[in-house]
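Peer 1: First, the structure itself, so that you have it in front of you.
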Amino acid sequence: MLSASVSVSAAKSVYEEETPVADVVMHCDEPNVAAGEIVVVNVSLENISLEPGVIACDLPVFYNKDILELTLVEVVVPDFWNGNDKSLCNINAGDNYSWLRVIPERPEGSNLQYEDFAVKQDKGIMFNLIFTAKKAGNTTVTIKNDEKNKLYMMVVSPDIKNYRPNGASLKVRVSAYENSGWVEETEEPVEESVDYGNVSEEAGEASGAESAVTPQESQVIHDSASANVTTPDNGDEVEKDDDNGGSATKYIIIFAVIGAVAGGAIGAFVGMSKKKAKNNK
């Protein structure tokens, strides 16, 4: 069993170091849809600078649930994992967010080490988010830190330490009827104590204008290396996501992997390995 935890008592960061070691990147071929249509958002880890790589990630994704409903998450991991991965995605974990999580799973009795799962290549770990557009409106799908609610992005090293990635955001617009044009821009409420950092546009996004017919890349949210991520003085342990969507991250960040029983490992994938997390409504 693998268990990694980082205490985040007063003045203690949730991260091993504050400098981001990877970028979260979002891509959507068609961010302008009509109510009732499907929106597919691809989330990937890229520009991984951590040596020798990362073996897991834990990403809270925020969006307006009145406009979009997350119905499915497909997890994609490298071929060399040979199906030895475990999806811990939690759809509709809270009122306005879901969790994107994947960790390696060493078969019982194997000689595999966590270093054997280290990922450095772009898009080695991906999540395909399948949304259903519920009603007309504008929303931003965002992966970020939410200090107020103690929700943190993180990637995990082979020696089971938590590191900070840069977040990302992507605009989605839903019209009331097909080909009816874009709805009026509406402002979403800005939560307090949300760690956005500096935002820079990814290559391929039009400068100063958006197209309804071209793919949309995310804006990368660059977290400041000097940002202070702290919590209250008490050292309460983290509470597991409950059935009512309670937070997965409170005052201790815990990663846990339950080893697969003998013979329970999934066979090698052809192409990329995909696991699906169904909506637990």
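Read the figures in this text as sums done on the coordinates, not as results from a lab. Quick caveat, the model's predicted, so the values are computed rather than measured. Note: ideal-geometry Cβ built from the backbone for every residue, glycine included; neighbour counts use all protein chains shown.
Peer 1: Is segment 8-59 rounded, prolate or oblate when judged by the Cα gyration tensor, a ≥ b ≥ c being the square roots of its eigenvalues, rounded requiring a/c under 1.5 and prolate requiring a/b larger than b/c?
Peer 2: Values: a/c = 3.73, a/b = 2.06, b/c = 1.81.
Since a/c reaches 1.5 and a/b is larger than b/c, the shape of segment 8-59 is classed as prolate.
Peer 1: Taking 0.36 nm per intervening residue step and subtracting the Cα-Cα distance, what contour gain separates Ile160 from Gln121 on full extension?
Peer 2: 12.1 nm
Peer 1: Note the full-extension length gain between Asn111 and Ser49 as 0.36 nm times their separation in residues minus their Cα-Cα distance, in nm to one decimal. Mind showing how you got there, number by number?
Peer 2: On the way: separation 62, 0.36 × 62 = 22.32 nm, distance 2.66 nm.
Working it through step by step, the gained length comes to 19.7 nm.
Peer 1: When a footprinting reagent is the concern and you count Cβ atoms within 10 Å, what order do Ile38, Ile130 take, fewest first?
Peer 2: The fewest-first ordering by Cβ neighbours comes to Ile38, Ile130.
Peer 1: Could I have the simple spin-label model distance between Glu37 and Phe80, label points 7 Å from Cα toward Cβ, reported in nm to one decimal?
Peer 2: 4.0
Peer 1: For segment 102-161, just say rounded, prolate or oblate: build the C-alpha gyration tensor, square-root its eigenvalues into a ≥ b ≥ c, call rounded for a/c under 1.5, and beyond that prolate if a/b exceeds b/c, oblate if not.
Peer 2: prolate
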